[in-house]
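J.: Supplied in structure tokens, the structure appears directly below.
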Amino acid sequence: MQPSKNKKADYLETFCRPSSAVQKTSAEIINEARNTLRTLRTQRPFTPREEQRKLFGSGSSRAPENRPPSTFSLHASSFESIESRPVSCARLSPLDHKPKLLLSSTSEEHHISPVKSPLDSEKIRKVSNARALLFRSASYGNLLPDKAILPTESKRQSSEEETAAGDISRSSHESFSQKLIVDLSFKDECLSLSSKEHYSKITGEKVYHKMTGISTSSQLNSQSDQVNKEESPLACPNKTEQARPAVKSENYPEVLETEEENYWNMNVLPILHELETEDNVENLCHACTILYQVLEEGDMFGKRFKGRTLLLKTLYKLVDIPSDTLGLKLAKIILGVKVNGKNLVNVCKLVFKISRNDKNDTLIQNDNILDSLLEILRVEDVQANIEAFLYCMGAVKFISGNKRLINEMSSKGSVEILLQLMRHINEINESDPLFSSSGHLLVQLTATLRNLVDLSQSRCKLLEYGAILDLCLMLEKRMNDKDICTNVARIFSKLSSFNDCCTALADCSRCYILFLALLNKHAKKQDLVVRIIFILGNLTAKNNQAREQFFEIQDSINTLIMLFQSHWEIDCNSKLLKDDGEFKNLKHPSEAEDVLIKLIRVIANLSIHPTIGVSLATNHQIVALLITVLEYKSVGESEELVINTTATINNLSFYHVKNSIIQEKKLYIAELLLKLLLSSNMDGILEAIRVFGNLSQYREVCDFIIQRQVYKFMIALLDAKHQDVCFSACGVLLNLTVDKTRRIILNEEGGIKKLIDCLRDFGPTDWQLACLICKTLWNYSESFSIAETCFEEDDSNALLDLLASFLDEEMALDYSLDSDLRIYHKIYWETEFKPVAQKLLQKIQS
């Protein structure tokens, strides 16, 4: 009985890989994690660069007839000389005739030419409320003689009235001049022809005298002669125009030729004159550059200054000149003047059209047009200017595709501006007519954000301003818009590749429900599905809570299975196409295969969680699909797919539980792995060995390894000089040597010598591997009695020297390492290697 007891005691001292049911130390858990449970990496889905810059790329789900155009014709006639203004509350019926007004003076040569009446119905609708009130008062026969009109100014004012009614904020003097003409026109309708001239003379002189203090018409006529010397509004004055008399009134401000008017006449008008007469593009560009500087110095941007319409009309005429350089300079000035309505749309189209050519990126950078575009997005009302925003945002999207310009964009606060704009758009309800058109705008916005997240400073801003929640809200409201969903998925795909962003996204619990909803709704849209799966793979790679949250959502695993089955069928059907009776291989990997690669990665990452891992290991459909991949795919044909599949099987084989499908199919899986072992792909070989390391804990698999002489392959891999390969191969040999009847296999193929060489090569840098080698050698030595020699003399001496030196702490531990790494090495040296090595040393010495 005693020998029997000793035999039992000896067997209990053999080393093997512990079962998962045994309580483990922290070191054992880390050790097992290295061998078995591992997350997988994969490349981020590739987004091809569009050959042409368009509002919507070639992969857009929008039908051409349902989306705004990327190409269009734009001419000077596209712009409006008179911008739309709010309609007056008072509406007057047009007069049947055009009354004439004649103001007589002391001599016949001083008179006012007949004024073209502005009283047609179209122009009445465009006047301001003040003018409408004046019309209404005049229609009742009331004159408001608050201010006199300068006779010599009436012609010039009448001309400007025709071209820019309601657009320019005129001076008090001009405004009153027009009012007086209207009043006199209506009064004239009520007077007889014989009394018109007398009334005009008396009323005009009295009113003007009352308002200005001028007693005679001769002074008025003198000023008229001086003003009439101007031939054109763009004519360069030879000298400063004589100051107009001051007009002081309770209702009207002082009318003087202000400093702004002087600045306009002396600095701006000469440049406008040059723009009208110059025909050289280079000179025009130079003039526009000077004009912008002059307007900026005069603080005339964004103001409704006198002559604004004249400025815009001059610029609009130059739009037809085919020069992108000139077009950008024109756009910059027009945007600076703050146009609205149709003109804002057209100037945004102009910039969009120019930015479509990537060769113009340098021009865009030099002219700083980006500032003007961002100002539109920041200040203007998106709901009132949705079309202008669309082309403005489209131009910004093109600019963000340039690596030099995107850094400039980020530094100008573009992330904050875009997020604020996105929040405004998110407020639009689905019942709002703008909901559909705002979707086109969101496609441009999200595409721009997708480019911006490549920059670390932009990612920090996105996290700082809580962009993840806003993007999730957008997904909820735009679930039917495939383009928006794809762009947001691309944003999250990039963000999830960075640890801090991935953690923030994982903490957003609503994202898992959204992602699953998208997968179910757009299961056939490959570019969207592959990105959502990639994001889930990143979330579940490092976060156990993320694994739990995803797994607990109803039908989450069923969704993965559904996608796996559908894309497997697509891949099988697309791999071989019949062409003239012969089959040809498609480009590898296919889009469907890319989805499969990332789907399997999610399953592998989920299986790390103990509860989820057990559930997946007992799921017939999951295991069946994994086995199907190994059956029909080779590592040479589909490298990443086969390797990821093998790694997933390795994770699931870790769980020794009842009803495990892996355990049930273990021999068949071992058979499938043989072709992977015989391949030349080292990564594939390593994954196959890891699976054998788990499966070799079953007696049936050990017998399979011996019968098929797989152990010889494991011994040969000890010469691979690859640390992880040696570790996994040694693990299989360790499990084989648990049974005394199999220990003799280490004598074949020089197994003992190769184990000692591995100990020498990797021991000081990997005490886990050193421990594994010592355990295998201990198991081998247990098959010999005390009187027998278990090692040859050379091997014994070499092993004794190695063990003695490795057990010396000062010699074994490298103190040149940093403190954290030194502590890590010391823990494994003390807890794992030292106990086993001491025991093996005593065994050899005895």
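The values are calculated or read from the model by the stated rules, or taken from the named source; none is laboratory data. All values derive from a computational prediction rather than experimental measurement. We place every Cβ from the backbone using ideal geometry, glycine too, and count neighbours over all the protein chains shown.
J.: Output the residue which, of all residues in region 585-610 that are charged (D, E, K, R) and modelled with pLDDT of 90 or more, is surrounded by the most Cβ atoms within 10 Å (Cβ to Cβ). Break it down into steps so the answer makes sense when it comes.
T.: At the first step, the residues of region 585-610 found to be charged (D, E, K, R) are 587, 591, 593-594, 598, 601.
Remaining after also requiring modelled with pLDDT of 90 or more: 593-594, 598, 601.
Details: E593: 24, D594: 24, K598: 28, R601: 25.
Restricting to residues being charged (D, E, K, R) and modelled with pLDDT of 90 or more, the top hit is K598.
J.: Could you please give the count of residues in region 746-768 that are closer than 16 Å to D795 by Cβ and free of Cβ contacts under 8 Å to residues at least 40 places away in the same chain?
T.: Kept after step one, since they are closer than 16 Å to D795 by Cβ, are these residues of region 746-768: 746-761, 763.
Next, from what is left, pick out any that are free of Cβ contacts under 8 Å to residues at least 40 places away in the same chain: 746-751, 754-755, 757.
Residues that pass the stated criteria total 9.
J.: If we only count helices (runs of 4 or more DSSP H) wholly inside region 734-829, which ones have 1 or more residues that are at pLDDT below 85, touching an Asp or Glu at 6+ places or on another chain (Cβ under 8 Å) and in the same structural domain as Q697 (by TED's automatic domain parsing)?
T.: The qualifying helices (runs of 4 or more DSSP H) are 819-828.
J.: Listed residues A523, A546, A541; which is in contact (Cβ under 8 Å) with a residue 24 or more places away in the chain, outside any helix (DSSP H, G or I) and more than 26 Å from L418 (Cβ to Cβ)?
T.: On the way: A546 fails: outside any helix (DSSP H, G or I); A541 fails: outside any helix (DSSP H, G or I).
On inspection, the qualifying residue turns out to be A523.
J.: Quick one: what pairs do we get from region 429-444, first residue more than 14 Å from N66 (Cβ to Cβ) and among the aliphatic types (A, V, I, L, M), second in a loop (DSSP other than H, G, I, E, B) and modelled with pLDDT of 90 or more, C-beta under 9 Å, 6+ apart or different chains?
T.: Filtered contacts from region 429-444: L434/V382; L434/Q383; L434/I428; L441/V382; L442/R478; L442/D481.
J.: Still on this structure, I have one more. Filtering region 315-329 down to residues that are part of a helix (DSSP H, G or I) and more than 30 Å from the chain's Cα centre (by Cα), which residue is surrounded by the fewest Cβ atoms within 10 Å (Cβ to Cβ)? It would help to see each step written out before you state the result.
T.: Step one: of region 315-329, the residues part of a helix (DSSP H, G or I) are 315-320, 324-329.
So of that shortlist, the ones also more than 30 Å from the chain's Cα centre (by Cα) come out as 315-320, 326.
Details: L315: 23, Y316: 21, K317: 15, L318: 20, V319: 21, D320: 11, L326: 19.
Ranking the qualifying residues of region 315-329, first place goes to D320.
J.: Taking region 689-710 as the region of interest, how many residues are free of Cβ contacts under 8 Å to residues at least 24 places away in the same chain and of a type in the set (D, E)?
T.: 1
J.: When region 792-846 is examined, which residues are found to be aromatic (F, W, Y) and exposed (fewer than 12 other Cβ atoms within 10 Å of the Cβ)? Break it down stepwise before answering.
T.: So the first thing to find is which residues in region 792-846 are aromatic (F, W, Y), and the list is 806, 815, 824, 828-829, 833.
Scanning region 792-846 gives a single hit, Y815.
J.: Just to be sure before I move on: is N651 of a type outside the set (G, A, S), in contact with a Ser or Thr (Cβ under 6 Å, 6 or more places away or on another chain) and farther than 18 Å from N605 by Cα in the structure I sent? Before the answer, list the steps.
T.: Working: of a type outside the set (G, A, S): yes; in contact with a Ser or Thr (Cβ under 6 Å, 6 or more places away or on another chain): yes; farther than 18 Å from N605 by Cα: no.
Criteria not met by N651.
J.: Within region 355-365, is there a residue that is among the polar types (S, T, N, Q) and over 25 Å from the mean Cα position of the chain (by Cα)? Break it down into steps so the answer makes sense when it comes.
T.: Taking region 355-365 and keeping what is among the polar types (S, T, N, Q), we get 355, 357, 360, 362, 365.
This time we only want the ones that are over 25 Å from the mean Cα position of the chain (by Cα), so: none.
No, region 355-365 has no match at all.
J.: On to the next question. For region 364-428, list the helices (runs of 4 or more DSSP H) that sit wholly inside it and hold at least 2 residues that are of a type outside the set (V, I, T) and touching an Asp or Glu at 6+ places or on another chain (Cβ under 8 Å); which are they? Please lay out each step first, then the result.
T.: Numbers: elements: 369-379, 386-400, 403-411, 414-426.
Result: 386-400, 403-411, 414-426.
J.: Given (1) within 26 Å of V382 (Cβ to Cβ); (2) crowded, with 24+ Cβ neighbours inside 10 Å, identify the lone condition not met by L539.
T.: Exception for L539: condition (1).
J.: List every residue pair whose Cβ atoms sit under 6 Å apart, with the two residues 6 or more apart in sequence or on different chains, where the first one lies in region 317-340 and is under 13 Å from L373 (Cα atoms) and the second, anywhere, is not in a helix (DSSP H, G or I).
T.: Sorted first by the residue in region 317-340, then by its partner, the pairs are G336/F301; K338/G302.
J.: If you take the residues in region 260-310 that are small (G, A, S) and at positive phi, which one is surrounded by the most Cβ atoms within 10 Å (Cβ to Cβ)?
T.: Filtering first and then ranking leaves G307.
J.: Got at least one residue in region 729-742 being of a type in the set (S, T, N, Q), free of Cβ contacts under 8 Å to residues at least 12 places away in the same chain and within 28 Å of S653 (Cα to Cα)? Break it down stepwise before answering.
T.: Taking region 729-742 first, the residues of a type in the set (S, T, N, Q) are 735, 737, 741.
Then drop every residue that is not free of Cβ contacts under 8 Å to residues at least 12 places away in the same chain, which leaves 741.
Still in the list and also within 28 Å of S653 (Cα to Cα): 741.
Yes - at least one qualifying residue is present in region 729-742.
J.: Considering I532, I468, which residue is under 13 Å from the mean Cα position of the chain (by Cα), of a type in the set (V, I, T) and part of a helix (DSSP H, G or I)?
T.: On the way: I532 fails: under 13 Å from the mean Cα position of the chain (by Cα).
Going through I532, I468 in turn, just one is under 13 Å from the mean Cα position of the chain (by Cα), of a type in the set (V, I, T) and part of a helix (DSSP H, G or I): I468.
J.: Would it be correct to say that K306 is closer than 28 Å to N262 by Cα and part of a helix (DSSP H, G or I)? Don't jump to the end; show me each part of the working.
T.: Values: closer than 28 Å to N262 by Cα: yes; part of a helix (DSSP H, G or I): no.
For K306, the condition - closer than 28 Å to N262 by Cα and part of a helix (DSSP H, G or I) - is not met.
J.: For the condition modelled with pLDDT under 95, surrounded by 17 or more Cβ atoms within 10 Å (Cβ to Cβ), closer than 22 Å to D324 by Cβ and in contact with a Gly (Cβ under 9 Å, 6 or more places away or on another chain), what is the one hit in S400, S372?
T.: Result of the check over S400, S372: S372.
J.: Helices (runs of 4 or more DSSP H) wholly in region 592-684 with at least 3 residues that are farther than 27 Å from V725 by Cβ - which ones?
T.: Numbers: elements: 610-617, 620-632, 639-653, 661-664, 666-677.
Per the criteria, 610-617, 620-632.
J.: With the structure loaded, tell me whether F352 is touching a Leu at 6+ places or on another chain (Cβ under 9 Å) and modelled with pLDDT under 90 or whether it fails that test. Break it down into steps so the answer makes sense when it comes.
T.: Numbers: touching a Leu at 6+ places or on another chain (Cβ under 9 Å): yes; modelled with pLDDT under 90: no.
Taking the combined requirement at face value, the residue does not satisfy it.
J.: Could you check region 751-777 and list, in sequence order, the residues that are within 52 Å of the chain's Cα centre (by Cα), polar (S, T, N, Q) and more than 18 Å from M811 (Cβ to Cβ)?
T.: As a first pass, look at region 751-777 and keep what is within 52 Å of the chain's Cα centre (by Cα): 758-773.
Imposing the further condition that a residue be polar (S, T, N, Q) reduces the set to 765, 768.
Result: Q768, single match.
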